[in-house]
Structure formats: structure tokens, C-alpha cells
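S.K.: There's a structure below that I have some questions on.
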Amino acid sequence: MQAAQAVDVLIISLGSTTGLRVADDELCGALQRAGASVAVARAPAPSPRRTLALTDLTWARAARAAARAELARLDGEARAVIYSSTTAALLWPRAGAIRFDATSAGNRPGRHGVWQRPLERRRLAQAPLLLPWSAGALLEAPPAARLGTRASVLPVPVEPAADGAAPPRDIAAVAYAANPHKKGLDRVLHAWRQVRAERSGAGEELLLVGAGAGELRAAGLRIDARDGVRVLGALPRGEYRALLRRARVFVSAPRREDYGLAQLEALADGCLLVTTPAPGPYVALQIARGLDARLVDADLARALRAALREPPRDYAARVRPALEPFTRAAADRVVREELLPRLLG
């Protein structure tokens with residue numbers, strides 16, 4: 001049997017969320033555009049577990065199995081390995097760079113990260129290169145991981161879903177409903193009901209994307225069409241981005257935000273971003289404040305009311321320069337000029 005051709009970079013893709021899958025696809029594309037050959041080992045999704053500690057363990061095992069299988073197929077002939085998330089690196093079969101939106105030190109407090117945090121500290125110390133999505137993600141890492149020059153911030157790029165004239169903004173608001181407790185969907189619904197009651201004649205709707213009605217009921221959320229709330233469930237990415245192009249507002253109230261890719265995509269597609277402040281390396285938060293501070297408020301109903309009643313007129317014109325560091329061209333420069341020379345040097 002002919003041996004598999006050697007590759008420059010092997011990406012171990014955890015892919016446990018849509019954001020992670022998008023990030024891995026973008027990284028693969030950027031590496032290839034920079035001239036590197038790339039293979040991707042995708043961890044198969046394990047069955048659900050009741051706790052975050054067990055969930056991380058099953059995903060770490062799946063990532064290890066995927067890495068071993070692909071390394072065996074390549075006969076070890078991968079010049080560099082990138083693990084997508086600290087979870088993917090916890091049980092690694094071979095040391096490599098670690099790319100992450102957040103660390104267990106930041107998003108797994110207490111019993112939720114009882115075994116992950118100490119092992120994560122070890123892996124971050126052993127990794128030849130760290131690739132945080134944001135400077136905030138690196139700040140949440142253990143102090144030893146921030147020493148020296150091993151870290152290179154590599155944002156996940158966002159681009160508008162389509163060129164040309166946007167369709168009519170005939171949808172009042174969209175919210176991303178996956179992981180409803182973490183995303184604060186209960187807060188979003190409460191604020192929406194308050195504001196819609198004041199605008200009952202407007203016939204406006206809030207569309208929920210990313211979770212089905214059953215998942216929302218299991219999270220204890222009551223969805224009533226009479227409140228002007230419609231559940232669309234999981235949508236193909238093309239349909240979801242087309243929906244954002246029709247929405248006036250993207251509303252979010254996360255209890256913690258590890259990056260905020262959904263919010264960045266909404267901004268790229270022309271939505272006003274209405275959000276509460278949140279802990280975590282929430283990169284869209286500072287951008288939203290700079291665009292219109294009224295729309296970032298712990299009182300989400302007040303921010304939503306301002307967006308629907310008195311939308312800022314120059315918002316769209318200021319979004320493009322605000323998102324410049326997150327364009328695909330900007331990410332390609334980092335990969336070409338910083339990442340590949342350090343990864344393969």
C-alpha cells in the first residue's frame with residue numbers, strides 16, 4: 001500500500017460547536033493560501049454527558065483517537081500539529097501548537113474544570129506555540145503560558161455573507177439560541193417581551209436560531225408565538241447568514257462569552273448589535289460599545305428599545321473599519337507572516 005503523502009500541518013479539529021468548526025475551516029484555508037499542505041483530523045462527536053467535566057473528557061478522548069488515526073495514516077509525516085482548543089490537546093499523542101478561544105482556567109470554574117485545569121496548565125507550558133483567538137483569551141491563560149514569545153493572536157475572520165445590495169430589513173431581531181443558559185436566552189426573551197408589549201401594533205418578531213423547541217423547553221424556556229417569538233432551530237449556515245442580512249437587530253445577553261463569533265457575523269451582515277456586558281474574552285463587546293454605547297447595557301430592554309426606536313444612522317458605515325482586524329485578509333497576513341514561519345521554521 002502506498003504511504004500517505006507528508007503534510008506541513010495537521011489540524012486536530014474538535015468541532016464541538018459551530019464556531020469551532022468555522023474556525024478550523026478558516027484556519028485550513030488560510031494555511032493553504034499561504035502555501036502549506038494541510039490535513040484535518042476531525043474528532044467524532046461523543047454521546048452527551050451530564051457534566052462539563054465528563055463532556056470534556058469524552059471530547060478529549062475523541063480528539064486523541066482522531067489524532068492517532070491520522071498520524072498513523074501519515075506515518076508520522078506531519079511537520080507540525082495544531083490542536084483546535086485546549087480540550088483537544090489535553091490527551092494529545094504528540095506535542096503541538098494549541099489554538100483556543102478560551103481556557104479551562106477561564107470557563108471551567110470550580111468542579112466544572114477539576115481535572116482539566118491542572119492538565120491544561122501542563123499542556124500550555126509544553127506547547128511550542130500558542131494561538132489564542134484574542135488577546136483576552138491569552139490573558140485568561142495561566143501566567144506561565146503568557147511568558148516569552150510563544151503566543152501569536154490569530155482571530156477567526158468574519159466576512160459579509162454576500163456582496164451587493166442587501167435585501168429589505170424585514171425582520172426585527174434575531175438571537176442565537178444554542179446553549180441557551182450560557183447565551184442568556186432567558187434574559188433575551190424577558191427583554192423582548194417587555195419591548196414588544198410597548199410596540200404591540202408593530203407586528204415585530206424575534207427569530208431564534210441554533211436550538212429547537214425541545215431543547216428550549218428542556219432548558220425551562222417558554223416560547224409563545226403570541227409574544228412574537230419564532231423558533232427556527234438549526235439552519236444551514238447559508239440560510240442563517242441570509243437571515244442576518246434581513247434582520248435589523250441581533251440581540252445577545254451571554255452569561256459568559258468566549259469570543260462572540262455569532263455577534264461578529266451579525267455585525268458583518270449589517271445588524272445592530274444589542275448586548276449586555278459579559279465576562280470572558282468577548283471581542284465584539286468593545287466594538288459594539290464603540291459603535292453605539294446605548295446598545296450595550298445591563299438593562300437589555302433599554303438597549304433593545306433604543307435600537308428599534310432610534311437606530312443610529314451611521315452605524316453601518318463605522319462597522320467596516322471596526323471589523324478590519326477580523327477580515328480574512330488580515331488573518332491571512334498573520335498566518336503568512338507570523339504563524340507559518342514560526343510553525344515550520
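Any read-out appearing in this document is the output of simple, stated calculations on the displayed coordinates, not a laboratory observation. Quick caveat: nothing in here was measured; it's all calculated off a predicted structure. Backbone-built Cβ (ideal geometry, glycine too); neighbour counts: all protein chains shown.
S.K.: At 222 nm, what value in deg cm²/dmol follows for the chain if DSSP H runs of at least 4 each add -39500 (n - 2.57) and the sum is divided by all its residues, to the nearest 500? Walk me through the numbers on the way to the answer.
M.R.: Numbers: 15 runs with 140 residues, N = 345.
The helix-only estimate for the chain comes to -11500 deg cm²/dmol at 222 nm.
S.K.: May I pose another question? What net charge is computed for the residues neighbouring PRO157, neighbours being all others with C-beta under 9 Å from the C-beta of PRO157, Lys and Arg scored +1, Asp and Glu -1? Don't skip to the answer; put the middle values down first.
M.R.: Working: positive: ARG328; negative: GLU26, GLU159, ASP332.
For residues surrounding PRO157, the net value is -2.
S.K.: Compute the signed sum of charges (Lys and Arg +1, Asp and Glu -1) over the other residues within less than 14 Å, Cβ to Cβ, of ARG50. Please report the intermediate quantities before stating the final value.
M.R.: Values: positive: ARG49, ARG111; negative: ASP56.
My count for the surroundings of ARG50 gives +1.
S.K.: Moving on to the next point. Work out which trypsin sites (Lys or Arg not before Pro) in the chain are exposed loop sites (DSSP not H, G, I, E or B, at most 12 other Cβ within 10 Å) and give the longest gap free of them. Can you show the working numbers first?
M.R.: Working: sites that count: ARG50, ARG222, ARG313.
Of all site-free stretches, the longest is 51-221.
S.K.: Something else now. From the backbone phi of region 113-123, what are the Karplus-calculated ³J(HN,Hα) couplings (6.51 cos²θ - 1.76 cosθ + 1.60, θ = phi - 60°) in whole Hz, Gly and Pro given as x?
M.R.: Running phi through 6.51 cos²θ - 1.76 cosθ + 1.60 with θ = phi - 60° gives x, 4, 9, 6, 4, x, 5, 4, 4, 5, 5 Hz.
S.K.: What is the distance in Å between the Cα centroid of region 229-252 and that of region 111-157?
M.R.: 32 Å
S.K.: Sticking with this structure for a sec: Along region 72-77, what does the Karplus equation 6.51 cos²θ - 1.76 cosθ + 1.60 (θ = phi - 60°) give for ³J(HN,Hα), rounded to whole Hz, x for Gly and Pro?
M.R.: Running phi through 6.51 cos²θ - 1.76 cosθ + 1.60 with θ = phi - 60° gives 5, 4, 7, 6, x, 8 Hz.
S.K.: Normalising by the residue count of the chain, find the relative contact order in percent from Cα pairs under 8 Å and 6+ residues apart. List each step's numbers first, then the result.
M.R.: On the way: 636 pairs, mean separation 54.0, N = 345.
Relative CO of the chain lands at 16 percent.
S.K.: On to the next question. For region 171-325, rounded, prolate or oblate, judged on the Cα gyration tensor with a ≥ b ≥ c (square roots of eigenvalues), a/c < 1.5 rounded, else prolate if a/b > b/c?
M.R.: Details: a/c = 1.44, a/b = 1.25, b/c = 1.15.
Rounded, because the longest to shortest axis ratio a/c is under 1.5.
S.K.: Would you mind counting up the charge near GLY76? Only other residues with Cβ under 12 Å from its Cβ, with Lys and Arg at +1 and Asp and Glu at -1. Before the final figure, lay out the partial values.
M.R.: On the way: positive: ARG68, ARG73, ARG79, ARG94; negative: GLU70, ASP75, GLU77.
Residues close to GLY76 contribute a combined charge of +1.
S.K.: Here is a follow-up. Given a Förster radius of 22 Å and the C-beta distance between LYS182 and ALA293 as r, what FRET efficiency does 1/(1 + (r/R0)^6) yield to the nearest 0.05?
M.R.: Numbers: r = 25 Å, r/R0 = 1.12.
That gives a FRET efficiency of 0.35.
S.K.: For GLY233, list long-range residues whose amide hydrogen, built 1.01 Å from N in the peptide plane, is under 5 Å from its own amide hydrogen.
M.R.: Excluding prolines and chain starts, which carry no amide H, the hits are GLY210, ALA211.
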